[in-house]
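Enquirer: I'd like to ask some things about the structure below.
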2 protein chains.
Amino acid sequence: MNRRNSEEQRFLDNYDATAFERPSVTVDVVILTLREGHLEALLVKRKEHPFLNYWSLPGGFVQLHESLDEAAARVLRQKAGLEGVVGLEREGALHPPIYLEQLYTFGHPQRDPRMRVISVAYYALVEASHIREVGEETALFKLRVPPGADSVEIFDHKHKKYSLAFDHAEILAVAVRRIRGKLGYTPIGFELLPERFTLRQLQNVHETILQTKLNKDSFRRKMLASGMLEPTGELERGVGFRPAELYRFRREA
Amino acid sequence: MNRRNSEEQRFLDNYDATAFERPSVTVDVVILTLREGHLEALLVKRKEHPFLNYWSLPGGFVQLHESLDEAAARVLRQKAGLEGVVGLEREGALHPPIYLEQLYTFGHPQRDPRMRVISVAYYALVEASHIREVGEETALFKLRVPPGADSVEIFDHKHKKYSLAFDHAEILAVAVRRIRGKLGYTPIGFELLPERFTLRQLQNVHETILQTKLNKDSFRRKMLASGMLEPTGELERGVGFRPAELYRFRREA
DNA sequence: ATACATATATGCTTATTGCATATAAGAGGC
DNA sequence: GCCTCTTATATGCAATAAGCATATATGTAT
């Protein structure tokens, strides 16, 4: 007998869910954007202990009724004022929703000095113009991953270096590695640009993220051959020289 | 003032860690192997409600003192009789330790009917000869991902189809997708072969996992050019025709 | 109208891949 | 030992793609 039945229902009715000690679970969201040719992340200044006044990833505890994806979208909305949806199904939202995807789960027993906290990290890609830096509490920081390092360094707009709370420097490093890897087989750079963009802009996105120069012709041919770009027939404006054609991402494919 | 200090210590001493409701957290481990030209997974038959007598991924609750990686290695050891060591640093073990890596975290609120359970899934790659199918409780099942589906179908050695407990069919599908993707840029097929293997065997691994035929010359050239293979100078034995050279994975690189 | 600065197109060179063919080599039969 | 079988390995060549240089096109600004 291996069907699920009333005996199982009886079991469930009598189950003591408090039998095991349980960790706390949070989601932390790496919000990446491009500004002035730099890869940056939106961070919030902690207003509580531990790590009071340290900069940290926006995050929050997972509520028992919400999925992890929902918790990440809630953090994006509440802490960063951004409307995000996981996955590529993104219909019927005000702005086109934001790219949001699970990154990795961090669970070192001492990563939070208060208690055992497991953090499911997400990352979001956001066009810079959508980001509001609210007062003193949220700000964009430039990211640098020293070669071979497993954590990032962060710098504010004056290029002053800061420390990060918890293990967030490692989480950011995993996010940067992930997006670099993903660029190799996915044209994810769109997500950091306006809906319509030129090939040059797209190449700049790749070059900024990968920290390398790319061959222009090769990049252009590869992108056009991928069939994921759709020419709009329109041209960019106000550039003082020959304007490039604007393309958009072919969502339906 | 943003340094961590005695005030923070006082805060921590008084912190009430029970303030929020917390989910349970488990690790589930997808143990993949190749047998007779099929990709298979090691599953265990549940001896408890819910899903009594259903086949499921080996798993267990994360203890408060152990990291997620440690919990996954413990499950591999205790539930599958495999000595898993996390990551690629693998010195001084009896068998060469097993490839084990975090896969994805599953957290739908109703994925477990007992209570809120978040599962951090791992996947392991194991050479078939290391796997013991113990009695009625553990067995290898062939995996099939129907095109476009987001869950796998499992079949026993008589090709009888079974259902899986919880959302484990989706977890397995994510694992298959992950290893397929990973083959494109990592020579991960080694992990499913003995220490020394021929190029033909390695190609068979790729073809089985990817479900495609590969060009032999191209595969051979690419693998040799990658610099990750090291010829041993030895030849395979007892094949009735010209034996191929045995290679090994260059661990130090 | 012309200069400017970059977009886009074209052609050539070089590297990579796919495919066909030739040669090599252990096992096993005689 | 010699021949055959079968697959491994090497070589050559055509097709394809990538890298690079050059030519032409085109909006803006003067």
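Enquirer: Take the conditions buried (at least 16 other Cβ atoms within 10 Å of the Cβ), closer than 19 Å to residue B:194 by Cα and modelled with pLDDT of 95 or more and apply them to residue B:82. Does it pass? First the steps, then the outcome.
Expert: Numbers: buried (at least 16 other Cβ atoms within 10 Å of the Cβ): yes; closer than 19 Å to residue B:194 by Cα: yes; modelled with pLDDT of 95 or more: no.
Against the criterion (buried (at least 16 other Cβ atoms within 10 Å of the Cβ), closer than 19 Å to residue B:194 by Cα and modelled with pLDDT of 95 or more), residue B:82 does not qualify.
Enquirer: Something else: Residues to consider are B:225, B:244, B:165; find the one that is more than 13 Å from DNA strand D (Cβ to nearest atom) and either farther than 27 Å from residue B:102 by Cβ or assigned by TED's automatic domain parsing to the domain that holds residue B:133 (or both). Steps first, please.
Expert: Details: B:225 fails: more than 13 Å from DNA strand D (Cβ to nearest atom); B:244 fails: more than 13 Å from DNA strand D (Cβ to nearest atom).
Answer to the selection: B:165.
Enquirer: Sticking with this structure for a sec: Looking at the range A:226-250, which of the residues that are more than 12 Å from DNA strand C (Cβ to nearest atom) and free of Cβ contacts under 8 Å to residues at least 24 places away in the same chain is surrounded by the most Cβ atoms within 10 Å (Cβ to Cβ)? Steps first, please.
Expert: Within the range A:226-250, the subset more than 12 Å from DNA strand C (Cβ to nearest atom) is A:226-228, A:230, A:237-238, A:248-250.
Narrowing further to those that are free of Cβ contacts under 8 Å to residues at least 24 places away in the same chain: A:230, A:237-238, A:250.
Working: A:230: 15, A:237: 7, A:238: 5, A:250: 13.
Within the range A:226-250, the match that is surrounded by the most Cβ atoms within 10 Å (Cβ to Cβ) is A:230.
Enquirer: Would you confirm whether or not the range A:22-37 contains a residue that is at pLDDT 95 or above, among the polar types (S, T, N, Q) and open to solvent by 10 Å² or more (accessible area, probe 1.4 Å)?
Expert: The answer is yes; a qualifying residue exists.
Enquirer: One residue is enough: does the range B:104-118 have a residue meeting the conditions facing chain A (nearest Cβ under 10 Å), under 30 Å from residue B:194 (Cβ atoms) and touching a residue at least 24 places away in the same chain (Cβ under 8 Å)?
Expert: Scanning the range B:104-118 turns up at least one residue that is facing chain A (nearest Cβ under 10 Å), under 30 Å from residue B:194 (Cβ atoms) and touching a residue at least 24 places away in the same chain (Cβ under 8 Å).
Enquirer: I've got another one for you. Tally the residues that are at the interface with chain B (Cβ under 8 Å from one of its Cβ atoms) and either touching a residue at least 12 places away in the same chain (Cβ under 8 Å) or under 12 Å from residue B:118 (Cβ atoms) (or both), restricting the search to the range A:53-62. Spell out how you get there, then give the answer.
Expert: Taking the range A:53-62 as the starting set, the residues that turn out to be at the interface with chain B (Cβ under 8 Å from one of its Cβ atoms) are A:53-54, A:61-62.
Now narrow it down to the ones that are either touching a residue at least 12 places away in the same chain (Cβ under 8 Å) or under 12 Å from residue B:118 (Cβ atoms) (or both): A:54, A:61-62.
Of the residues in that region, 3 qualify.
Enquirer: Could you please find all residues in the range A:130-175 being β-branched (Val, Ile, Thr), under 13 Å from residue A:57 (Cβ atoms) and not in a strand (DSSP E or B)? Working first, answer last.
Expert: Pass one, the range A:130-175, residues β-branched (Val, Ile, Thr): A:131, A:134, A:138, A:145, A:152, A:154, A:171, A:174.
Filter once more, keeping what is under 13 Å from residue A:57 (Cβ atoms): A:138, A:152, A:154, A:171, A:174.
Across the range A:130-175, the qualifying residues are A:152, A:171, A:174.
Enquirer: Then there is this: Would you check if there is a residue in the range A:191-214 being more than 16 Å from DNA strand D (Cβ to nearest atom), among the aromatic types (Phe, Trp, Tyr), within 14 Å of chain B (Cβ to nearest Cβ) and within 24 Å of residue A:100 (Cβ to Cβ)?
Expert: No.
Enquirer: Additional query: Specify the residue that is nearest to residue B:30 (Cα to Cα); the eligible residues are those in the range B:183-219 that are within 16 Å of DNA strand C (Cβ to nearest atom) and of a type in the set (Phe, Trp, Tyr).
Expert: Among those residues, the one meeting the criterion is B:185.
Enquirer: Just one of (1) open to solvent by less than 10 Å² (accessible area, probe 1.4 Å); (2) part of a loop (DSSP other than H, G, I, E, B) trips up residue B:123, so point out which.
Expert: Condition not satisfied by residue B:123: (2).
Enquirer: Collect the residues in the range A:129-168 that are surrounded by fewer than 18 Cβ atoms within 10 Å (Cβ to Cβ) and among the small types (Gly, Ala, Ser), keeping them in residue-number order.
Expert: A:129, A:135, A:148, A:149, A:151, A:163
Enquirer: Pick from the range B:42-52 the residues that are part of a loop (DSSP other than H, G, I, E, B) and open to solvent by 30 Å² or more (accessible area, probe 1.4 Å): which of them is farthest from the other protein chains (Cβ to nearest Cβ)? Explain how you work it out, then say what you get.
Expert: Quick first cut of the range B:42-52, residues part of a loop (DSSP other than H, G, I, E, B) only: B:46-52.
In the following step, the residues that additionally are open to solvent by 30 Å² or more (accessible area, probe 1.4 Å) were identified as B:46-48, B:52.
Values: B:46: 9, B:47: 11, B:48: 8, B:52: 6 Å.
Across the range B:42-52, the extreme among qualifying residues is B:47.
Enquirer: In the range B:228-241, what residues are within 13 Å of DNA strand D (Cβ to nearest atom) and outside any strand (DSSP E or B)?
Expert: B:236, B:237, B:238, B:239, B:240, B:241
Residue-wise test of (1) more than 25 Å from residue A:22 (Cα to Cα); (2) without any contact (Cβ under 8 Å) to a residue 60 or more places away in the chain; (3) touching a strand residue (DSSP E or B) at 6+ places or on another chain (Cβ under 7 Å); (4) not charged (D, E, K, R).
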residue	(1), (2), (3), (4)
B:21	no, yes, no, no
B:26	no, no, yes, yes
B:33	yes, no, yes, yes
B:51	no, no, no, yes
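Enquirer: Using the structure shown, decide if residue B:180 is open to solvent by 70 Å² or more (accessible area, probe 1.4 Å), assigned to a helix (DSSP H, G or I), within 16 Å of DNA strand C (Cβ to nearest atom) and out of contact with any Pro (no Cβ under 8 Å at 6 or more places or on another chain). Reasoning before the result, please.
Expert: Working: open to solvent by 70 Å² or more (accessible area, probe 1.4 Å): yes; assigned to a helix (DSSP H, G or I): yes; within 16 Å of DNA strand C (Cβ to nearest atom): no; out of contact with any Pro (no Cβ under 8 Å at 6 or more places or on another chain): yes.
Answer is no for this residue.
Enquirer: What number goes with the only condition from (1) touching a Phe, Trp or Tyr at 6+ places or on another chain (Cβ under 9 Å); (2) more than 17 Å from residue A:22 (Cα to Cα); (3) modelled with pLDDT of 95 or more that residue B:58 does not pass?
Expert: (1)
Enquirer: If I filter the range A:187-209 down to residues being polar (S, T, N, Q) and part of a helix (DSSP H, G or I), which single residue comes out as least open to solvent (accessible area, probe 1.4 Å)?
Expert: A:203
The values are calculated or read from the model by the stated rules, or taken from the named source; none is laboratory data. Being a predicted model, the structure only gives us computed values, none of them experimental. Methodologically, a virtual Cβ is constructed for each residue, glycine included, from the backbone with ideal geometry; neighbour enumeration extends over all protein chains shown. SASA here: full protein model, heavy atoms, side chains in, ligands and nucleic acids out. Shrake-Rupley method; radii C 1.70, N 1.55, O 1.52, S 1.80 Å.
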